[in-house]
Amino acid sequence: MTAPEETIISVDPDSQRSLRERGLEYRIADMAVDADAEGFLRADARGFLDEDPTDAELAQMRETMRTRRNIGVYDPEGGAWPIATVNSWVTPLSLPGGEIDMWAISSVTVAGTHRRRGIARSLLEGELRAAARAGVPIAGLTASEATIYGRYGFGPAVPVMRFTVDTARAGWGGSETSEGRLVYADKQSLADDLERLHEASRTLRSGQVPGWRGRWQRMAGLAEGDKEAAAVRGVRFIGADGAVQGAMAYTLAEVPGGFRSEMRIRSIITVSDEALRAIWRFVVQHDLVTSARVDLRPIDDPLPWLVADQRAVTAEVHDHGWLRVLDIEAALAARSYSAPLDIVLRVDDPLGFAAGDWRIVIDDSGRARVAATSDSPDVTLGVVELSTIYAGGVPATQLAAAGRIHGDSDAVSALSRAFLTTPSAFLGIWY
């Protein structure tokens, strides 16, 4: 198999030089080389506090990593494993009205023995420079810690919802009729359903990226080393037309002392409202289940309006998809907008990629023209704030109220109206 082009892009020379001056080697970890692959994957697991992977797990993980550009930082006195890791690949990011190439960043780890030495900065800034050098206009990641990535210009652009449902109390308040049916699915069919449904639905909302086979195998309980694999169950919704329109992977965990269980939902993916309603009804009315938990749901999920008692649903919004604009002209021209606009933005970017004054003209069709300008700015914001509003999931007016965007209130309101999107931006996976 020919390696994807982004996997053979050389390491960033500035980061390589900076790390070499500290006695560290910064290089591609070649997944075709056994020692490189094993060292990278074991270091990655260590960095995320996972157990040391088995040989079977390593083989499965290696197949996914072959399609990515994997970089390790090596200490000659620190053993064969890298003391820091990062990987990246180019993937489509769905946007209102289209898609854009995004430099996806993952596996960012630094060993506990080497913290506070600027290694993470070299990794992240190196990835951004590599992306810009490759002509990719935006970078993205999902973050295990929310306080790290703003310093590199990333903004929490795609919020998601975490639901906890008291199913013993909630009661079903939605429709009682359906032309389709819900059936159980074996694990292999479940993995296939989730993969197919995600790909079919991901362009319907801004903020989504494609998944990969290993992701769906893990959701369906087919991944090596998954301690809950035996407990994973799945259901699929088959519409009146005979097509699978939705699927859910979940486990049931017994609540001590009561012969009752908690449902822990791994993934729900649907391509129709009818399928989503049927799956939520299955959750709310499941026998011997007193509560259900699920994360990574869109913030406009209808669940609170499908139960009889909304107070039985606890909804928590949290950050999930982080974006970083690199090429402002290409990024802003790639999406459509909800309202006309003629505005000058002044963007502050300490790393220089998107800095400048930019006139944005959005016509009645929702398409934008973007160009550098010497005109006075109407609105001033940082690249973090621009990246946060970019996918349409966070209102500019909200950031202005927080003192993060500055300008005339009418101009900020117009900017907010233009950028917001319906349905809400969403990202249903980790990457």
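Answer with yes or no whether residue 189 is hydroxyl-bearing (Ser, Thr, Tyr), more than 24 Å from the chain's Cα centre (by Cα), assigned to a helix (DSSP H, G or I) and in the same structural domain as residue 267 (by TED's automatic domain parsing).
On the way: hydroxyl-bearing (Ser, Thr, Tyr): yes; more than 24 Å from the chain's Cα centre (by Cα): yes; assigned to a helix (DSSP H, G or I): yes; in the same structural domain as residue 267 (by TED's automatic domain parsing): yes.
Spelling it out, residue 189 is indeed hydroxyl-bearing (Ser, Thr, Tyr), more than 24 Å from the chain's Cα centre (by Cα), assigned to a helix (DSSP H, G or I) and in the same structural domain as residue 267 (by TED's automatic domain parsing).
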Completion exercise
Restricting attention to region 199-232, the residues that are touching a strand residue (DSSP E or B) at 6+ places or on another chain (Cβ under 9 Å), farther than 24 Å from residue 156 by Cβ, of a type outside the set (A, V, I, L, M, F, W, C) and buried (at least 19 other Cβ atoms within 10 Å of the Cβ) number exactly 2
Fill in the blank from the handout: Going through region 151-167 in order, the residues found to be assigned to a helix (DSSP H, G or I) and touching a Leu at 6+ places or on another chain (Cβ under 9 Å) are 151, 152
Exercise for the section: Within region 128-146, identify whether any single residue is buried (at least 23 other Cβ atoms within 10 Å of the Cβ) and hydroxyl-bearing (Ser, Thr, Tyr), and answer yes or no. Expected result: no
Fill in the blank from the handout: Going through (1) farther than 30 Å from residue 120 by Cα; (2) not β-branched (Val, Ile, Thr); (3) not assigned by TED's automatic domain parsing to the domain that holds residue 264 one by one, residue 182 fails only at (3)
Handout entry: Selected residue [surrounded by 20 or more Cβ atoms within 10 Å (Cβ to Cβ), of a type in the set (Phe, Trp, Tyr) and more than 30 Å from residue 127 (Cα to Cα)] from 322, 280, 305
Key = 280
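For residue 139, indicate whether it is among the aliphatic types (A, V, I, L, M) and part of a strand (DSSP E or B). Break it down stepwise before answering.
Numbers: among the aliphatic types (A, V, I, L, M): yes; part of a strand (DSSP E or B): yes.
Considered against the rule, which asks whether it is among the aliphatic types (A, V, I, L, M) and part of a strand (DSSP E or B), residue 139 comes out as yes.
Check whether at least one residue in region 103-120 is in a helix (DSSP H, G or I) and of a type in the set (Lys, Arg), and report yes or no. First the steps, then the outcome.
Start the filter on region 103-120 by keeping residues that are in a helix (DSSP H, G or I), which leaves 112-114, 119-120.
Narrowing the set further to residues that are of a type in the set (Lys, Arg) leaves none.
Taking every residue of region 103-120 in turn, none turns out to be in a helix (DSSP H, G or I) and of a type in the set (Lys, Arg).
Going by the conditions given, is residue 83 under 14 Å from residue 38 (Cα atoms) and either in contact with a strand residue (DSSP E or B) (Cβ under 8 Å, 6 or more places away or on another chain) or not charged (D, E, K, R) (or both)? Walk me through how you get there before you give the answer.
Working: under 14 Å from residue 38 (Cα atoms): yes; either in contact with a strand residue (DSSP E or B) (Cβ under 8 Å, 6 or more places away or on another chain) or not charged (D, E, K, R) (or both): yes.
When the stated conditions are applied, residue 83 passes them.
Examine region 18-31 for a residue that is out of contact with any strand residue (DSSP E or B) (no Cβ under 9 Å at 6 or more places or on another chain), closer than 30 Å to residue 330 by Cα, in contact (Cβ under 8 Å) with a residue 40 or more places away in the chain and not in a strand (DSSP E or B), and state whether such a residue exists. Outline the logic, then answer.
Going through region 18-31, the residues out of contact with any strand residue (DSSP E or B) (no Cβ under 9 Å at 6 or more places or on another chain) turn out to be 21-23.
Filter once more, so that each one left must be closer than 30 Å to residue 330 by Cα: none.
No, region 18-31 contains no residue that is out of contact with any strand residue (DSSP E or B) (no Cβ under 9 Å at 6 or more places or on another chain), closer than 30 Å to residue 330 by Cα, in contact (Cβ under 8 Å) with a residue 40 or more places away in the chain and not in a strand (DSSP E or B).
Could you check how many residues of region 278-301 are under 24 Å from the mean Cα position of the chain (by Cα) and within 27 Å of residue 187 (Cα to Cα)? Show your work before the answer.
From region 278-301, those under 24 Å from the mean Cα position of the chain (by Cα) are 279-280, 292-301; that's our starting set.
Restricting the remaining residues to those that are within 27 Å of residue 187 (Cα to Cα) gives 279-280, 292-298, 301.
Number satisfying all stated conditions: 10.
Take residue 285 and decide whether it is polar (S, T, N, Q) and closer than 23 Å to residue 240 by Cβ.
Numbers: polar (S, T, N, Q): yes; closer than 23 Å to residue 240 by Cβ: yes.
Considered against the rule, which asks whether it is polar (S, T, N, Q) and closer than 23 Å to residue 240 by Cβ, residue 285 comes out as yes.
Condition (residue is hydrophobic (A, V, I, L, M, F, W, C) and surrounded by fewer than 16 Cβ atoms within 10 Å (Cβ to Cβ)) applied to region 61-76: is it met by at least one residue? Walk me through how you get there before you give the answer.
Just the residues of region 61-76 that are hydrophobic (A, V, I, L, M, F, W, C), to begin with: 61, 65, 71, 73.
Narrowing further to those that are surrounded by fewer than 16 Cβ atoms within 10 Å (Cβ to Cβ): none.
No: zero hits.
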Completion exercise
Sole miss for residue 267 among (1) crowded, with 21+ Cβ neighbours inside 10 Å; (2) farther than 30 Å from residue 58 by Cα; (3) among the hydroxyl-bearing types (Ser, Thr, Tyr) is condition (2)
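Output yes when any residue across region 94-106 is farther than 29 Å from residue 157 by Cβ, assigned by TED's automatic domain parsing to the domain that holds residue 132 and among the acidic types (Asp, Glu), and no when none is.
No, region 94-106 contains no residue that is farther than 29 Å from residue 157 by Cβ, assigned by TED's automatic domain parsing to the domain that holds residue 132 and among the acidic types (Asp, Glu).
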Completion exercise
residue 295 fails exactly one of (1) surrounded by fewer than 20 Cβ atoms within 10 Å (Cβ to Cβ); (2) in contact with a Lys or Arg (Cβ under 7 Å, 6 or more places away or on another chain); (3) over 25 Å from residue 149 (Cβ atoms), namely (3)
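Mind telling me which of the residues 394, 383 ends up being in contact with an Asp or Glu (Cβ under 7 Å, 6 or more places away or on another chain) and crowded, with 23+ Cβ neighbours inside 10 Å?
The conditions single out 383.
The values are calculated or read from the model by the stated rules, or taken from the named source; none is laboratory data. Since the structure is predicted, the reported quantities are computational estimates derived from the model, not experimental observations. Here Cβ is always computed from backbone atoms with ideal geometry, including for glycine, and neighbour counts include all displayed protein chains.
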